[in-house]
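Asks: One structure, pasted below without further comment.
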Amino acid sequence: MSTPKRYTITSALPYTNGPIHIGHLAGVYVPADIYARYLRITGNDVAFICGSDEHGAAIPMRAKKEGVSPQVIIDKYHTMIQQSFADFGISFDNYSRTSAKIHHETASEFFKKLHEDEKFIEETSEQLYDPEAKQFLADRFVIGTCPKCGHEEAYGDQCESCGSSLNATDLINPKSTISGAEPTLKQTKHWYLPLDQYEDFLKEWILVGHKKDWKTNVYGQIKSWIDDGLRPRAVTRDLDWGIPVPVAGAEGKVLYVWFDAPIGYISSTKEWAAREGKDWTPYWKDKDTKLVHFIGKDNIVFHCIIFPSMLKAEGSYILPENVPANEFLNLEGNKLSTSKNWAVWLHEYLEDFPEQQDVLRYALTANAPETKDNDFTWKDFQDRNNNELVGNFGNFINRIVVLTHKYYEGVVPTPNALSEVDQQTLAELKAYPAVIASSIERYRFREASQELLNVSRLGNKYLADEEPWKLIKTDPDRVQTVMYVGLQIAAALATLAEPFLPFTAQKLKNTLGLDATTATPWTAIATQEVLLAAGHTIQKGGLLFSKIEDSTIQQQLDKLAATKKANEVANKAVTPQKDTATFEDFTKMDIRVGTIIEAEKMPKAKKLLVLKVDTGINVRTIVSGIAAHFSPEEIIGKKVTVLVNLAPRKLRGVESEGMILMTETPDGKLVFLNPDEAGVQAGAVIS
């Protein structure tokens, strides 16, 4: 394990235009929290920093959609997000917001410093302009076809399909999301950060300096960007929502959100330090501080190229030691989507699964998208809880606690001579802190979570092999030793589980009668002979985890199914109007009421029914493709609307002499145009 030192840990600032979902948690916040908790309990000085990103174009877009002011939106979602994080156990040292005064001041000062040092270039260029709304279009107010992958709904700053970072003017067939109009190009002046001037610095710092210790997915994306050639990037934009550009001649312009947001890490640290009576500068300006950014893959370019270039330009800040970005998490085989409500929202999970925060933390960690996109399924969530948490971790703790109370009234027994098996088991236990620490320090949190489960597997195997429930009748002295060894494993788990399962770890400490002064520190488990002393009293406690039933999972699947159906209905295209028909065309159609008097399935055809219909003129055969919606028996006697003068046509050898007129409901169900009213007879003309 590394020598204790100072760490500044940041996690991506979430947009306050919607709640937090499991994709955010798996990609950013759970791994960051595991890392921060681990560093704290191993004696390091940690500042774990985050806050709400409240200046993106997505904010006024959401406000416009809901018919409220942007301030209402950010207040609503900032409060929701902050509370959800707290309830879920994300242990930020400070959670701020970019609308705070200290952030406006910090971002403005940062811009002015670069401006005074002539680090920007000023350019007048053509930008997309909405002629109907009479305003320049910020990135998220433009959609079009991605020039790299062909996705037809890419935004002006990024394609959410392929992850490419874009400029609005790169889009093919752009369209304004405000009015739907096709944008025009109009000249406007902006300040740019000349990223091309930092290429040599970035190549040396990342492509040479971090080739071996950064994740391959991160390194690969950065290399691709640099190899493609970096270009100046605007740091301002024409918008009325954001931090005003703090120089003369910039009226009506704000700082671009990608420039403003990462400075939020600095302003949040300042806010924390002021509250705690600390000096913020060592956490950002001392070369002995290790800065680590936790982000998703869509933010790699901002944290590995743009923000470091900003810090380098300013000159007094440290650079990130690592940026362990994760890939994306999908949900039940489909991409998570805020706009389509295809997500598991954190605040809803906390309502549906009260006091089961650690189950989701574990499921997301064990299935984390660390090197490739992964899929969250409710079945996997259930299996990991029932088989790994309940069946492994919880089972071991329950057995050791119950037997201690059964045999010794909850008092840790005095061990007798340790056998070779006992010594080997304790030796294996002492190795786990270093094994788990190694995985965490290499940002392999999935691997680390499984090593934690191996500790409880060690305990289960030890009890299963030694069988104290049998030995108690023949060798009670041996049982004292077995139970003592098992309780040492339980005490180690109370410490080792804390970064991954903080609520469970606290519950276990309570059961074992441990507190901050009596629990064994992580770094001492490998050397301390006694973790839970003989004579110490433990509590009875309850089950650490509860089995999740099929019915509970089905409720979640039903919720997703309803969402999917609602999306299908919302997205169902309305059939365009056909070519104009004259009145004479319409009068040619003879539409009458008919009665179905016979119906049978057409052989070897899944969709076709052969009907005998009394049209009032005659009884005729009509072949209709409604077999998937109606059985022959249920439609006999049904009055229907029939186009009787349609030219006959053979279908599978049967001549069809008309057409039954029907329509389709939004959920895809066929229904008759129903003339089934009292007194309406077959043959009645519909006009």
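The values are calculated or read from the model by the stated rules, or taken from the named source; none is laboratory data. Keep in mind the model is a prediction, meaning the values are calculated, not measured. Don't worry about glycine lacking a Cβ; one is built from the backbone with ideal geometry, like all the others, and counts go over all protein chains shown. The protein model used for the area step is the full one, side chains on, heavy atoms only, and it has no ligands, DNA or RNA in it. Shrake-Rupley method; radii C 1.70, N 1.55, O 1.52, S 1.80 Å.
Asks: Given the criteria farther than 26 Å from PRO354 by Cβ, touching a residue at least 12 places away in the same chain (Cβ under 8 Å) and among the polar types (S, T, N, Q), does ASN567 qualify? Walk me through it before giving the result.
Replies: On the way: farther than 26 Å from PRO354 by Cβ: yes; touching a residue at least 12 places away in the same chain (Cβ under 8 Å): yes; among the polar types (S, T, N, Q): yes.
Criteria met by ASN567.
Asks: Further, regarding this structure: State yes or no: is LEU514 open to solvent by less than 80 Å² (accessible area, probe 1.4 Å) and out of contact with any Asp or Glu (no Cβ under 8 Å at 6 or more places or on another chain)? Walk me through it before giving the result.
Replies: Numbers: open to solvent by less than 80 Å² (accessible area, probe 1.4 Å): yes; out of contact with any Asp or Glu (no Cβ under 8 Å at 6 or more places or on another chain): yes.
So LEU514 fits the description; yes.
Asks: Another question, if that's okay. For region 15-39, what are the residues that are open to solvent by less than 10 Å² (accessible area, probe 1.4 Å), outside any helix (DSSP H, G or I) and at pLDDT 95 or above?
Replies: Scanning region 15-39 gives a single hit, ILE20.
Asks: Please go through region 589-613 and pick out each residue that is at pLDDT 85 or above and either of a type in the set (Ser, Thr, Tyr) or open to solvent by 50 Å² or more (accessible area, probe 1.4 Å) (or both). I'd like the intermediate steps shown before the answer.
Replies: Going residue by residue through region 589-613, those that are at pLDDT 85 or above are 589-603, 608-613.
Residues satisfying the conditions are MET589, ARG592, THR595, ILE597, GLU598, GLU600, LYS601, PRO603, LYS612.
Asks: Ok, one more. Here is a check on your reading of the model: is ALA248 open to solvent by 10 Å² or more (accessible area, probe 1.4 Å), within 30 Å of SER125 (Cα to Cα) and either outside any loop (DSSP other than H, G, I, E, B) or not aliphatic (A, V, I, L, M) (or both)? Show your work before the answer.
Replies: Values: open to solvent by 10 Å² or more (accessible area, probe 1.4 Å): yes; within 30 Å of SER125 (Cα to Cα): yes; either outside any loop (DSSP other than H, G, I, E, B) or not aliphatic (A, V, I, L, M) (or both): no.
In short, no.
Asks: Specify the residue that is nearest to ASN94 (Cα to Cα); the eligible residues are those in region 251-274 that are in a loop (DSSP other than H, G, I, E, B) and touching a residue at least 12 places away in the same chain (Cβ under 8 Å).
Replies: Per the criteria, the residue is TYR256.
Asks: I would also like to ask the following. Quick check on GLY51: is it modelled with pLDDT of 95 or more, part of a strand (DSSP E or B) and either of a type in the set (D, E, K, R) or within 27 Å of ASN330 (Cα to Cα) (or both)? It would help to see each step written out before you state the result.
Replies: Details: modelled with pLDDT of 95 or more: yes; part of a strand (DSSP E or B): yes; either of a type in the set (D, E, K, R) or within 27 Å of ASN330 (Cα to Cα) (or both): yes.
Spelling it out, GLY51 is indeed modelled with pLDDT of 95 or more, part of a strand (DSSP E or B) and either of a type in the set (D, E, K, R) or within 27 Å of ASN330 (Cα to Cα) (or both).
Asks: If you don't mind, there's one more thing I want to ask. Could you grab me the full set of residues in region 320-331 that are open to solvent by less than 50 Å² (accessible area, probe 1.4 Å) and either more than 25 Å from ALA561 (Cα to Cα) or part of a loop (DSSP other than H, G, I, E, B) (or both)? Give the derivation first.
Replies: Here is the first cut: in region 320-331, the residues open to solvent by less than 50 Å² (accessible area, probe 1.4 Å) are 320, 322-327, 329-331.
Residues satisfying the conditions are PRO320, ASN322, VAL323, PRO324, ALA325, ASN326, GLU327.
Yes/no per residue for (1) closer than 24 Å to GLY296 by Cβ; (2) touching a residue at least 24 places away in the same chain (Cβ under 8 Å); (3) over 26 Å from the mean Cα position of the chain (by Cα):
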site: LYS112; (1), (2), (3): no, yes, yes
site: SER125; (1), (2), (3): no, yes, yes
site: VAL142; (1), (2), (3): yes, yes, no
site: CYS149; (1), (2), (3): yes, no, no
site: ALA154; (1), (2), (3): yes, no, no
site: GLU160; (1), (2), (3): yes, yes, no
site: ILE172; (1), (2), (3): no, yes, yes
site: LYS175; (1), (2), (3): no, yes, yes
site: SER179; (1), (2), (3): no, yes, yes
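Asks: What are the residues in region 63-82 that are open to solvent by less than 70 Å² (accessible area, probe 1.4 Å) and either among the hydrophobic types (A, V, I, L, M, F, W, C) or under 19 Å from the mean Cα position of the chain (by Cα) (or both), if any?
Replies: Of the residues in region 63-82, the ones open to solvent by less than 70 Å² (accessible area, probe 1.4 Å) are 63, 67-70, 73-75, 77-78, 80-81.
Residues satisfying the conditions are ALA63, VAL68, ILE73, ILE74, TYR77, HIS78, MET80, ILE81.
Asks: Continuing with the same structure: Enumerate the pairs (first residue in region 319-331 and of a type outside the set (D, E, K, R); second residue anywhere and surrounded by fewer than 17 Cβ atoms within 10 Å (Cβ to Cβ) and part of a loop (DSSP other than H, G, I, E, B)) with beta-carbon separation below 6 Å, excluding pairs fewer than 6 apart on the same chain, so at least 6 apart or on different chains.
Replies: Listed pairs, sorted by first residue: PHE328/ASP373.
Asks: Determine, yes or no, whether SER438 is crowded, with 18+ Cβ neighbours inside 10 Å and either part of a helix (DSSP H, G or I) or in contact with a strand residue (DSSP E or B) (Cβ under 7 Å, 6 or more places away or on another chain) (or both).
Replies: On the way: crowded, with 18+ Cβ neighbours inside 10 Å: no; either part of a helix (DSSP H, G or I) or in contact with a strand residue (DSSP E or B) (Cβ under 7 Å, 6 or more places away or on another chain) (or both): yes.
So SER438 does not fit the description; no.
Asks: Now a separate question. Do we find that PHE136 is surrounded by 22 or more Cβ atoms within 10 Å (Cβ to Cβ) and in contact (Cβ under 8 Å) with a residue 40 or more places away in the chain in this structure? Show your work before the answer.
Replies: Working: surrounded by 22 or more Cβ atoms within 10 Å (Cβ to Cβ): no; in contact (Cβ under 8 Å) with a residue 40 or more places away in the chain: yes.
No; evaluated as a whole, the condition is false for this residue.
Asks: Moving to a separate point now. Filter region 54-81 down to residues that are part of a helix (DSSP H, G or I) and acidic (Asp, Glu) and give me whichever is nearest to SER96 (Cα to Cα). Spell out the reasoning first.
Replies: Quick first cut of region 54-81, residues part of a helix (DSSP H, G or I) only: 58-66, 70-81.
In the following step, the residues that additionally are acidic (Asp, Glu) were identified as 66, 75.
Details: GLU66: 25, ASP75: 12 Å.
Out of the qualifying residues, it is ASP75.
Asks: What's the number of the only condition in (1) within 23 Å of ILE686 (Cα to Cα); (2) of a type outside the set (Lys, Arg); (3) touching a Phe, Trp or Tyr at 6+ places or on another chain (Cβ under 9 Å) that ALA599 fails to meet?
Replies: (1)
Asks: Before we move on, is GLU126 within 16 Å of ARG233 (Cα to Cα), touching a helix residue (DSSP H, G or I) at 6+ places or on another chain (Cβ under 9 Å) and open to solvent by 60 Å² or more (accessible area, probe 1.4 Å)?
Replies: On the way: within 16 Å of ARG233 (Cα to Cα): yes; touching a helix residue (DSSP H, G or I) at 6+ places or on another chain (Cβ under 9 Å): yes; open to solvent by 60 Å² or more (accessible area, probe 1.4 Å): yes.
So GLU126 passes the test.
Asks: Considering each residue of region 332-349, count those that are touching a residue at least 12 places away in the same chain (Cβ under 8 Å) and open to solvent by less than 30 Å² (accessible area, probe 1.4 Å), and give that number.
Replies: Going through region 332-349 one residue at a time, the tally reaches 7.
Asks: Tell me, yes or no, whether region 520-536 has at least one residue that is part of a helix (DSSP H, G or I) and either crowded, with 22+ Cβ neighbours inside 10 Å or at pLDDT 95 or above (or both). Working first, answer last.
Replies: Step one: of region 520-536, the residues part of a helix (DSSP H, G or I) are 522-524.
Restricting the remaining residues to those that are either crowded, with 22+ Cβ neighbours inside 10 Å or at pLDDT 95 or above (or both) gives 522, 524.
Yes, region 520-536 contains at least one residue that is part of a helix (DSSP H, G or I) and either crowded, with 22+ Cβ neighbours inside 10 Å or at pLDDT 95 or above (or both).
Asks: Given the conditions (1) assigned to a loop (DSSP other than H, G, I, E, B); (2) open to solvent by less than 10 Å² (accessible area, probe 1.4 Å); (3) not hydrophobic (A, V, I, L, M, F, W, C), which single one is not true for TYR443?
Replies: (2)
Asks: If GLY277 passes every condition in (1) under 13 Å from THR8 (Cβ atoms); (2) without any contact (Cβ under 8 Å) to a residue 24 or more places away in the chain; (3) surrounded by fewer than 17 Cβ atoms within 10 Å (Cβ to Cβ) but one, which one does it miss?
Replies: In the conditions (1) under 13 Å from THR8 (Cβ atoms); (2) without any contact (Cβ under 8 Å) to a residue 24 or more places away in the chain; (3) surrounded by fewer than 17 Cβ atoms within 10 Å (Cβ to Cβ), GLY277 misses (1) alone.
Asks: Name the residues in region 650-664 that are exposed (fewer than 12 other Cβ atoms within 10 Å of the Cβ) and among the basic types (Lys, Arg), would you?
Replies: Here is the first cut: in region 650-664, the residues exposed (fewer than 12 other Cβ atoms within 10 Å of the Cβ) are 650, 653, 663.
Within region 650-664, just LYS650 meets the criteria.
Asks: Here is a follow-up. Which of the numbered conditions does HIS104 fail, given that it passes all the others? Conditions: (1) under 24 Å from PRO433 (Cα atoms); (2) open to solvent by 40 Å² or more (accessible area, probe 1.4 Å).
Replies: For HIS104, the failing item is (1).
Asks: Spot the failing condition for GLU451; the list is (1) open to solvent by less than 50 Å² (accessible area, probe 1.4 Å); (2) within 30 Å of HIS210 (Cβ to Cβ); (3) of a type outside the set (Ser, Thr, Tyr); (4) in contact (Cβ under 8 Å) with a residue 40 or more places away in the chain, and only one is missed.
Replies: (4)
Asks: Among the residues of region 63-79, are any in contact with a Phe, Trp or Tyr (Cβ under 6 Å, 6 or more places away or on another chain) and within 30 Å of PRO282 (Cα to Cα)?
Replies: Let us first name the residues in region 63-79 that are in contact with a Phe, Trp or Tyr (Cβ under 6 Å, 6 or more places away or on another chain), namely 70.
Then drop every residue that is not within 30 Å of PRO282 (Cα to Cα), which leaves none.
Checked against the condition, which is being in contact with a Phe, Trp or Tyr (Cβ under 6 Å, 6 or more places away or on another chain) and within 30 Å of PRO282 (Cα to Cα), region 63-79 yields no hits at all.
Asks: Can you find a residue that is touching a Lys or Arg at 6+ places or on another chain (Cβ under 7 Å), surrounded by fewer than 17 Cβ atoms within 10 Å (Cβ to Cβ) and within 17 Å of PRO324 (Cα to Cα) anywhere in region 206-217?
Replies: Going through region 206-217, the residues touching a Lys or Arg at 6+ places or on another chain (Cβ under 7 Å) turn out to be 207, 217.
Filter again for surrounded by fewer than 17 Cβ atoms within 10 Å (Cβ to Cβ), leaving 207.
From what's left, within 17 Å of PRO324 (Cα to Cα): 207.
Yes, because at least one residue in region 206-217 is touching a Lys or Arg at 6+ places or on another chain (Cβ under 7 Å), surrounded by fewer than 17 Cβ atoms within 10 Å (Cβ to Cβ) and within 17 Å of PRO324 (Cα to Cα).
Asks: Among the numbered conditions (1) open to solvent by 40 Å² or more (accessible area, probe 1.4 Å); (2) touching a His at 6+ places or on another chain (Cβ under 9 Å); (3) closer than 18 Å to ILE300 by Cα, tell me where GLU271 comes up short.
Replies: (3)
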